[in-house]
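The values are calculated or read from the model by the stated rules, or taken from the named source; none is laboratory data. Remember, predicted model here, so these are calculated numbers, not experimental data. Neighbour counts are summed over all protein chains in view; Cβ atoms, including those assigned to glycine, are modelled from backbone coordinates with ideal geometry.
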Number of protein chains: 2
Amino acid sequence: MTTVNLKHLAKELGLAVSTVSRALRDSYDIGDDTKKKVMALAHKLNYEPNPYASSLRKHKSKTIAVIVPEIANNFFSLAINGIEDVAQEKGYHVLIYLTHENYAKEQSITRYLQSGRVDGVLMSVSNETNDIQHIHALKQKNIPIVFFDRVCDNVDTTKVTTDDFESAFKGTEHLIEQGCKNIAFFSVPSFVSIGNKRMLGYEEALKMHKLKVNPNYVVYDTNNAEENLKQVKRVLSGKKRPDGVFASVEKLAITTYHACNELGIQIPKDIKVISFSNLNTASLLNPSLTTITQPAYDIGKRAATILFRSLDKKNATIMNEKVTIAATLIPRDSTRQ
Amino acid sequence: MTTVNLKHLAKELGLAVSTVSRALRDSYDIGDDTKKKVMALAHKLNYEPNPYASSLRKHKSKTIAVIVPEIANNFFSLAINGIEDVAQEKGYHVLIYLTHENYAKEQSITRYLQSGRVDGVLMSVSNETNDIQHIHALKQKNIPIVFFDRVCDNVDTTKVTTDDFESAFKGTEHLIEQGCKNIAFFSVPSFVSIGNKRMLGYEEALKMHKLKVNPNYVVYDTNNAEENLKQVKRVLSGKKRPDGVFASVEKLAITTYHACNELGIQIPKDIKVISFSNLNTASLLNPSLTTITQPAYDIGKRAATILFRSLDKKNATIMNEKVTIAATLIPRDSTRQ
């Protein structure tokens, strides 16, 4: 089947190509009858405007990109739902790009997007992102970016997150109230925004309660499930076993459950566990997992709303500000006394 | 910052625009020294080829689309990992589109892709997709499609799936061997390929063992979590309560666990549960969930490999065939006698 283009439509209707083009763009100088005829034939012949040519003219792709580290994580899939609901309302398409927590891949994606394939970007950086040159390059091309969850504090734009410090503080305090004195911290590296803020909240709670911060109790995600399990087992089978675990990311809470099963450690009797998590099976686990549940859908929705506000008004700048939406601590059996 | 284009580069170097263009394309008729000079300046000035103009010439976007119903499901996130690993090797970008199990959204995405934004499509259809006109429209534009998991049998192309019929047969037989006589079936609608094949496998196993198929025991996913819970609770609190549940999709197994908790029904004592699932917490649930685990990563990888084979050879047609990769039954506590 040959592709139907403007010429075909014009010939079939006995009109000038420019008339057909303007009719399809709903131009004021074309009569309603002509518009109807053109639209009807375009529809009948399954005519699609050439996106490249049309984008060259309008400089609008009606598309936004969402760059996230992974999707096997319930936080990101819920946040994407929030983003898509806003985009759908605005008539935009959403392209999802995964970095798989890989910095080189994140660089490659941002380089690809520099050429104007999308009108704006919503982004949560990878575990490995310790430098922001690639993000500056994107900004210099006048492509607006809004960060959510894992943000770059040094980039001037809006960052939408949960109250990472306060929630980590409260979560650690919850473990202390439940009787824990030696609390391990399993997290993403501390140069990642959430890693840093959650660690500060954890440390502050320990200090407030006159408990020592023990560097031997800290495990950082290695992006390798087997290596993570090894590291967690090392901490849990050490001389002075912790009696509490604060997992700052869901997958390390799951790793902790697996490690405890393998080592015959009972949760919550021997060790209590709390985790930042949007896991939909948290209440069904054995034992059910105490979580700090982020408003993932709302975070995605808010970030998208801010991006579209700038896309709607041409050249509107995005404020350099922080938007914080509080998380909720849901106590379950994994921290029961 | 103004965008650097070919003209800027040419002026700066005192060369013709066509020379710069050919140097950047590594053309045989340009000397190595000139190429080096052009490349160095392009790199220094952060030059990016205009993707639209360049795509118009080459008719290659070096991009494929993956259309899936959802990502909050471990099967799809693992399959996407398999797809991305192949695409990365081939130097392609992967755009992920979510239909959210909505037919209108799936239509809108395929219409958007008809204009040549991507070179090929990997697709798993939504729960609502009961008609294939939108897929034919895509095929007519010569955009190759390979289906995985949820396929359209009537479209001539390769379909990569697991052994849905056999696995459903074995899973149902497993429940029967564990003592179940009244087995409920919770699934996606039967016009969806996997819904149909898994239902046939379930029914065949019942017949083989001289058990009756009871239409009151069947619940179809409504794409609404609350409604699903209501339906499942209705079946589990009916006069003749089933003693086994075969969930053909993961989320309905999770719904079953929640329903049993609410109704005070004990798994596996009162009712046994098996599910198609790639849930990474299956072994940590209370009780641990017996699963039919699909080779999700391999299914994605195989589908992508077949698509790229056709993209590598211009105009190579994709065979109209089925590729089936077997799933694995992993017995756990939810079906224990």
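Out of A:D270, A:D312, I need the residue that is of a type in the set (D, E) and assigned by TED's automatic domain parsing to the domain that holds A:S124. Which one?
A:D312
Go through (1) assigned to a loop (DSSP other than H, G, I, E, B); (2) within 27 Å of the chain's Cα centre (by Cα) and name the single condition B:K240 misses.
(2)
Looking only at residues that are surrounded by 15 or more Cβ atoms within 10 Å (Cβ to Cβ) and modelled with pLDDT of 75 or more in the stretch B:40-57, which one is farthest from the other protein chains (Cβ to nearest Cβ)?
Looking at residues that are surrounded by 15 or more Cβ atoms within 10 Å (Cβ to Cβ) and modelled with pLDDT of 75 or more, I get B:L41.
Which residue, of B:L211, B:L236, B:L200, is touching a helix residue (DSSP H, G or I) at 6+ places or on another chain (Cβ under 8 Å), more than 20 Å from B:G179 (Cα to Cα), free of Cβ contacts under 8 Å to residues at least 60 places away in the same chain and in the same structural domain as B:N278 (by TED's automatic domain parsing)?
B:L200
Just the residues that are modelled with pLDDT of 90 or more and more than 21 Å from B:T99 (Cα to Cα), please, taken from the stretch A:78-100.
A:T99
If A:V213 meets every condition in (1) in a loop (DSSP other than H, G, I, E, B); (2) within 14 Å of chain B (Cβ to nearest Cβ) apart from one, which number is that one?
All conditions are met except number (2).
Which of the residues spanning the stretch B:161-184 are in a loop (DSSP other than H, G, I, E, B) and over 27 Å from the mean Cα position of the chain (by Cα)?
B:Q178, B:G179, B:C180, B:K181, B:N182
Out of A:K301, A:K272, which single residue is within 25 Å of the chain's Cα centre (by Cα) and basic (K, R)?
A:K301
Got at least one residue in the stretch B:185-203 being in a strand (DSSP E or B), over 26 Å from B:I71 (Cβ atoms) and either in contact with a Leu (Cβ under 8 Å, 6 or more places away or on another chain) or away from chain A (no Cβ under 14 Å) (or both)? Before the answer, list the steps.
The initial filter retains those residues of the stretch B:185-203 that are in a strand (DSSP E or B), namely B:185-187.
Now narrow it down to the ones that are over 26 Å from B:I71 (Cβ atoms): none.
Scanning the stretch B:185-203 turns up no residue that is in a strand (DSSP E or B), over 26 Å from B:I71 (Cβ atoms) and either in contact with a Leu (Cβ under 8 Å, 6 or more places away or on another chain) or away from chain A (no Cβ under 14 Å) (or both).
Return yes or no: is B:A296 of a type outside the set (S, T, Y), modelled with pLDDT of 95 or more and in contact with a strand residue (DSSP E or B) (Cβ under 7 Å, 6 or more places away or on another chain)?
no
Being surrounded by fewer than 17 Cβ atoms within 10 Å (Cβ to Cβ) and either under 24 Å from B:A327 (Cα atoms) or out of contact with any Asp or Glu (no Cβ under 7 Å at 6 or more places or on another chain) (or both) is the requirement here; does B:F191 meet it?
Yes: the conditions hold for B:F191.
Whether any residue in the stretch B:290-301 is farther than 29 Å from B:K60 by Cβ, surrounded by fewer than 18 Cβ atoms within 10 Å (Cβ to Cβ) and assigned by TED's automatic domain parsing to the domain that holds B:Y217 is what I want to check.
The answer is no, given that none of the residues of the stretch B:290-301 is farther than 29 Å from B:K60 by Cβ, surrounded by fewer than 18 Cβ atoms within 10 Å (Cβ to Cβ) and assigned by TED's automatic domain parsing to the domain that holds B:Y217.
So, of the residues in the stretch A:58-77 that are part of a helix (DSSP H, G or I) and more than 7 Å from chain B (Cβ to nearest Cβ), which turns out to be modelled with the lowest pLDDT? Walk me through how you get there before you give the answer.
The first filter runs over the stretch A:58-77 and keeps only residues part of a helix (DSSP H, G or I), leaving A:58, A:74-77.
Cutting the leftovers down to more than 7 Å from chain B (Cβ to nearest Cβ) gives us A:58, A:75-76.
Working: A:K58: 49, A:F75: 93, A:F76: 94.
Looking at residues that are part of a helix (DSSP H, G or I) and more than 7 Å from chain B (Cβ to nearest Cβ), I get A:K58.
Restricting to the stretch A:126-137, and then to whatever is touching a helix residue (DSSP H, G or I) at 6+ places or on another chain (Cβ under 7 Å) and surrounded by 21 or more Cβ atoms within 10 Å (Cβ to Cβ), can you tell me which residue is farthest from the other protein chains (Cβ to nearest Cβ)?
The residue in question is A:T129.
What number of residues within the stretch B:80-120 are more than 8 Å from every other protein chain (Cβ to nearest Cβ), in contact with a Ser or Thr (Cβ under 8 Å, 6 or more places away or on another chain) and of a type in the set (A, V, I, L, M)?
Residues that pass the stated criteria total 2.
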